[in-house]
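Derivation of every value follows stated rules applied to the coordinates shown; laboratory data play no part. Bear in mind the structure is a predicted one, so any value in this text is a computation, not a measurement. Here the Cβ is made from the backbone with ideal geometry for all residues, glycine too, and neighbour counts use every protein chain on show.
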Amino acid sequence: GGMGKTTIARAFMSKFTLNLKVSIFLQMLEKAHKKRGLDHLQVELLSKTLKDGNPNVVISNTKINFIKDRLHSKKVLIVLDDVD
């Protein structure tokens, strides 16, 4: 900890997001995972990626095709911070 990894990740994002429609920086994932669970994090990621406040999808194996259909043509950069 304390080596500046988050700062480097933010600098990387600011440089490489110019040609992308969506860039997402999800931080403190370890704490969020423990507090809200994986399903909530997946829905949050999908919501931010689609720029849709409520993607109306419950993440499960049966919804994978829905997610692929919605995301297959988008150029996105996703940075996940504090992943264990």
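Overview of values
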quantity: Projected label distance in nm at L77 and M28, using a 7 Å step from Cα toward the beta-carbon; calculated: 2.4
quantity: Potential lengthening between D39 and F66 on full extension [0.36 nm per residue; Cα-Cα distance subtracted]; calculated: 8.2 nm
quantity: Spacing of the two label points (7 Å from each Cα toward its C-beta) at K21 and A9, in nm; calculated: 2.5
